[in-house]
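Take a look at the structure below.
The values are calculated or read from the model by the stated rules, or taken from the named source; none is laboratory data. Please read all numbers here as calculations on a predicted model, not as lab measurements. No Cβ is skipped: glycine too gets one built from the backbone with ideal geometry, and neighbour counts run over all protein chains shown. Areas reflect the complete protein model, heavy atoms only, side chains present, ligands, DNA and RNA absent. Shrake-Rupley method; radii C 1.70, N 1.55, O 1.52, S 1.80 Å.
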Amino acid sequence: MNVSNMRTPTVLLALAAGGAAAALLYLGTGLHPIWWPLWLAPAPVLALAPQLRRGAAFLLAAAAWFIGAMNLWNDLTHGIQLPLPLLLVLLLGPALVFG
């Protein structure tokens, strides 16, 4: 069996899991969060993590959190006008911890 055919389902599953986690994080964080999506957000990444290498699982989780936290971008840049370096620290810090 071709190696690329074996990796394609894993990549598609990783994209789907990352997208689902990011969507749940988007709903569960921000100025008006809904509590239950935030509790479910780690589930897709955790379900797929045993099939991935450590680095790939870390990057998937960190990227999902970063994308999910982008709902704060407009409020932080235009609302309270945080400088870009501080904004990136504020968004990347929790993403790395989640990863």
_Every residue from segment 40-54 that is buried (at least 19 other Cβ atoms within 10 Å of the Cβ) and assigned to a helix (DSSP H, G or I)_ = P44, V45, L48
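On the given criteria, is G19 within 21 Å of L96 (Cα to Cα), of a type outside the set (S, T, N, Q), open to solvent by less than 70 Å² (accessible area, probe 1.4 Å) and at pLDDT below 95? Reasoning before the result, please.
Working: within 21 Å of L96 (Cα to Cα): yes; of a type outside the set (S, T, N, Q): yes; open to solvent by less than 70 Å² (accessible area, probe 1.4 Å): yes; at pLDDT below 95: no.
Taking the combined requirement at face value, the residue does not satisfy it.
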*Would you mind stating whether L72 is modelled with pLDDT of 95 or more and either assigned to a helix (DSSP H, G or I) or small (G, A, S) (or both)?*
no
*asked:* Looking at (1) open to solvent by 60 Å² or more (accessible area, probe 1.4 Å); (2) outside any loop (DSSP other than H, G, I, E, B), which one does Q81 not meet, given that it meets all the others?
replied: (2)
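Got a sec? Which of A61, A57, A69 is free of Cβ contacts under 8 Å to residues at least 60 places away in the same chain, more than 23 Å from I34 (Cα to Cα), crowded, with 16+ Cβ neighbours inside 10 Å and small (G, A, S)? Steps first, please.
Values: A61 fails: more than 23 Å from I34 (Cα to Cα); A69 fails: more than 23 Å from I34 (Cα to Cα).
Answer to the check: A57.
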